[in-house]
Protein chains: 2
Amino acid sequence: MSISTRIEAALETVITRAEGDQTPPGLAAAVRYAVFPGGARVRPSLCLAVAEACGDDEPGIADAVGAAIELMHCASLVHDDLPCFDNANTRRGKASVHMTFGEPLALLAGDALIVMAFDALAQGCAHNPHRLTPLLRTVIQGVGMPRGIVAGQAWESEAHIDVAHYHQSKTGALFVAATRAGAIAAGQAPAPWTALGEKLGAAYQAADDLMDAVSSPDEGGKPTGQDVALNRPSLVAELGVRGAFDHLQSLVREAVAAIPDCSGASGLREIVQAQAMRLTPKQFSRSAA
Amino acid sequence: MSISTRIEAALETVITRAEGDQTPPGLAAAVRYAVFPGGARVRPSLCLAVAEACGDDEPGIADAVGAAIELMHCASLVHDDLPCFDNANTRRGKASVHMTFGEPLALLAGDALIVMAFDALAQGCAHNPHRLTPLLRTVIQGVGMPRGIVAGQAWESEAHIDVAHYHQSKTGALFVAATRAGAIAAGQAPAPWTALGEKLGAAYQAADDLMDAVSSPDEGGKPTGQDVALNRPSLVAELGVRGAFDHLQSLVREAVAAIPDCSGASGLREIVQAQAMRLTPKQFSRSAA
């Protein structure tokens, strides 16, 4: 089964179980709207690719972990789009959750998605609780305080920000959780997989900053020009467009080099390079290739 | 050590660990402000009282579970007070979190508190992962979809609401999680403890509706008259003030009767009755006694 098929099936399983038969219909609809159809599923794809490269001896756990990582990501998008943050009207090429369901259900859908992510981990590890504790710890590090995505978003409320630290939390932390959790899901130690997550997270942030600066809203499926409009720290503001692009290319090379020796290393290198191409704004694609 | 001392110490432990050394200062402050000083700590007190009545063979787990239940409650208060829900300017007798730190940090503090609650469970069970899975499931049932507090809040966005079902989710679910998780924390089966949580949750909701209808903001530490102002379903609207008070008294009697046989049953009965008195608005205290 392809990684993409595994992810969509795992998400469907978790959400269907959470809905039960008595979820308020608006909340159930908002949650589905926030998750389906998905974006590129970059983080869970990475997580499952690492699990496969590590032997994937418990595919049910890996599926649950991939779903948990993506649900956390979806929750952060729903909350980030709210009027008190980015006030974004569109996401993934359609109206954002609060534009469609209103602010109260968007806020609650985000909360429900966070809880659901933990439910995925608990259910996925029900027969193997010894993998549950390190998986919880890894996912929590990716999303919570002090250095997860919630903390990253909170740096935007501070007067003084270290841009690298801000980006590591806001974007890098969930990539690191994805690679480390993919290894744990397959029974392997997470430490050798940290650098891959860090490099890819940084590359993704560089690509996102470039996309925000030079793309049309159609290309990314969300508003562009937001970093300047919201006065957010950005690699483009720091290095210029060309500098940010060069930095992105270096990070992709470093990510590929950071893949540890393992049975599936060569396949994983191809996946990482393909993802990197996909992330590059169209006008740079030729020089990236 | 008293239950109250245990709860404050457990909350301090969880929050200090989550802060680490690099949490954005505003987020760290908002989280502490949301948790300290506490309200009555009704839910974690109940959770620890049940654990003690069940023998409390792993007090570290019970402490972590009590903290997790309270952190979930604090998260729900922070999000419920936001302008898109109750738009409450005060909570626990002081300015609400968003009035003090702004909406972005209030929203993120709520998210961080949810994640921190799961961290408490994971850390508390680190040496006993076999209790972790049922504890996670129980807490998730109390807070998530389909019938936890997030779902309860979401019923307010529906045109047609079953009031009993709405209250069971919005308030009862976390009381049920508190009693059941208290039993699991002490290595006992949760099922016999469900009815106690249900009855106390319903009693608490009745008391909250009464307090909203007949008390001053000073007495409850938060705005009153909100159910009528926000056109929310309420027991007072349904049964009148006297009817709601009679119903509250019946529920407390049923809660006391629902306490299962166990070594600590008589102490637990006293705790339940004392909590019930505390919940009753002042003008009813004499007739309740």
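Miscellaneous remarks
- Phi angles across segment A:111-124 convert, under the Karplus curve 6.51 cos²θ - 1.76 cosθ + 1.60 with θ = phi - 60°, into 3J(HN,Hα) values of 4, 4, 5, 4, 4, 5, 4, 5, 4, 4, 5, 4, 5, x Hz, Gly and Pro given as x.
- Whichever lysines have a C-alpha closer than 23 Å to that of A:Lys282, once near sequence neighbours (fewer than 8 apart) are set aside: A:Lys94, A:Lys199, A:Lys222
- Other protein chain Cβ atoms within 10 Å, averaged over every residue that makes up B:11-21: 2
- Label spacing, shortest first and in nm, from A:Pro217 to its equivalents in the remaining copies (7 angstrom along Cα→Cβ): 3.9
- Rg ratio (alpha-carbon, reference 2.2 N^0.38 Å) - segment A:167-212: 1.20
- Compactness of segment A:115-214, expressed as Rg and Dmax over alpha-carbon positions, Å: 14.7, 48
- For segment B:196-211, putting each phi into the Karplus relation 6.51 cos²θ - 1.76 cosθ + 1.60 with θ = phi - 60° gives couplings of 4, x, 4, 5, 5, x, 5, 5, 5, 5, 4, 5, 5, 5, 5, 4 Hz, in residue order, rounded to whole numbers and with x for Gly and Pro.
- Based on Cα contacts under 8 Å between residues 6+ apart, segment A:141-232 shows a relative contact order of 21 percent.
- Rounded, prolate or oblate (a/c below 1.5 giving rounded, otherwise prolate when a/b exceeds b/c) for the protein assembly as shown by Cα gyration tensor: prolate
- Using C-alpha pairs below 8 Å separated by at least 6 residues, the relative contact order for segment A:12-98 is 27 percent.
- Sequence-ordered 3J(HN,Hα) estimates for segment B:144-153 from the Karplus curve with 6.51, -1.76 and 1.60 and θ = phi - 60° stand at x, 7, x, 9, x, 5, 4, 5, x, 5 Hz, glycine and proline given as x.
- Residues whose amide H falls under 5 Å from that of A:Thr90, counting only those 5 or more places apart or on a different chain, are A:Ser96, with hydrogens built in the peptide plane.
- Between copies, A:Asp21 shows label-point distances of 5.5 nm, shortest first, with the point placed 7 angstrom from Cα along Cα to C-beta.
- As a ratio to 2.2 N^0.38 Å, the alpha-carbon radius of gyration for segment B:98-159 is 1.40.
- With neighbours defined as other Cβ atoms within 10 Å of a residue's Cβ, the residues B:Asp56, A:Asp57, A:Asp212, B:Asp218 order from fewest to most as B:Asp218, A:Asp57, B:Asp56, A:Asp212.
- Extents of segment B:3-288, largest first, come to 51, 48, 34 Å (Cα atoms, principal axes, whole angstrom).
- Sites A:Asp246 and B:Thr100 - FRET efficiency at Förster radius 30 Å, r taken between beta-carbons, to 0.05: 0.10
- Whole-Å distance, taken between Cα centres, linking segment A:38-53 and segment A:260-276: 12 Å
- Identity and axial distance of the chain B residue whose Cβ lies nearest the axis relating B to A, Å: B:Pro129, 2
- Summing charges over all other residues whose Cβ lies under 12 Å from the Cβ of A:Gly240, with Lys and Arg as +1 and Asp and Glu as -1, gives -2.
- Where labels lie 7 Å past Cα in the beta-carbon direction, separation of B:Ala9 and A:Thr194 in nm: 3.2 nm
- Counting neighbouring Cβ atoms within 10 Å and putting the fewest first, the residues B:His130, B:His167 line up as B:His130, B:His167.
- Here the relative contact order of chain B, from alpha carbon pairs under 8 Å that lie six or more residues apart, stands at 19 percent.
- Cβ crowding within 10 Å ranks A:Thr90, B:Thr16, B:Thr171 as B:Thr16, A:Thr90, B:Thr171, fewest other Cβ atoms first.
- Sum of side-chain charges, A:Gln168 neighbourhood, beta-carbon under 13 Å (Lys, Arg +1; Asp, Glu -1): +1
- For B:Gly55, inter-copy label distances in nm, listed shortest first [label point 7 Å out on the Cα-Cβ vector]: 3.8
- If only the Cβ of Lys and Arg carry +1 and only the Cβ of Asp and Glu carry -1, the dipole of segment B:3-288 around its Cα centre is close to 340 debye.
- Theoretical FRET efficiency, 1/(1+(r/R0)^6), r = Cβ-Cβ of B:Thr90 and B:Ser2, R0 41 Å, to 0.05: 0.90
- Gyration tensor (alpha-carbon) shape descriptor, segment B:143-289, a/c threshold 1.5: oblate
Since every read-out is calculated from the coordinates, none of them should be taken as a lab result. No experiment lies behind these values; they were computed from the predicted model shown. Every residue, glycine among them, receives a Cβ derived from its backbone with ideal geometry; neighbour counts consider all protein chains shown.
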